[in-house]
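This report refers to the structure that appears directly beneath it.
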Amino acid sequence: MGIFNSINISATGLSAERLRMDVISNNIANVNTTRTEDGGPFRRQMVIFQSIEDPKKLPMGKQPQEPASGRGVRVKSIMEDMSPFKMEYDPENPDADADGYVRKPNVTIVHEMVDMITCTRAYEANVTCINSAKDITSAALSISKN
């Protein structure tokens, strides 16, 4: 694996985590949205990641000379959380049902904040990997100057 491969792998992680942060922000922004274009309350969204496999394919029966390695991560999909909606008694709300209950989004601020912290930490880890790769490259180039 070359130095640029490690930078590219970290770059895919940065892109994926940025999208994940956007989705988390959207969830937080819609924590009180009881009516969407579909007619129901907002449903929490989650980002599903998938590894990017090495594109080198060997003919059948041939074994690779070295272990298979990934090439980073990509967003496989953004799916909706199918957990039940929260029910809140508010008969004055225009979205209340016949019994006076309003279906509220299945977004929990604490859960979203935990996801945001893990997303931030993963982003920082990828930036650290890129900076380490740059430092290694810089040190290797300075050795060749002497």
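Here are a few things to note about the model shown:
- Relative contact order of the chain: 32 percent, from C-alpha pairs under 8 Å at least 6 residues apart in sequence.
- Given the alternatives (i) 15.1; (ii) 16.1; (iii) 18.9, Kirkwood radius over Cα pairs in Å as computed for this entry is given by (iii).
- Residue-wise HN-Hα coupling along segment 32-41, computed from phi with Karplus coefficients 6.51, -1.76, 1.60 (Hz; x: Gly, Pro): 10, 7, 9, 9, 9, 4, 6, x, x, x
- The count of lysine pairs in the chain with alpha-carbon distances below 25 Å, taking only pairs 8 or more places apart or on different chains, stands at 4.
- Using the Karplus relation 6.51 cos²θ - 1.76 cosθ + 1.60 with θ = phi - 60°, the per-residue 3J(HN,Hα) values for segment 105-122 come to x, 8, 9, 10, 4, 4, 4, 5, 5, 5, 4, 5, 5, 5, 5, 4, 5, 5 Hz, with x marking Gly and Pro.
- A Gaussian network model of the chain, with springs between Cα atoms under 10 Å, assigns the largest mean-square fluctuation among Met116, Met87, Met46 to Met87.
- For Lys86, distant residues with modelled amide H under 5 Å away: Lys104, Asn106
Where a number appears in this text, it was derived from the coordinates with a stated rule and is not lab data. Treat the numbers as computed from the prediction; the structure is a model and nothing was measured.
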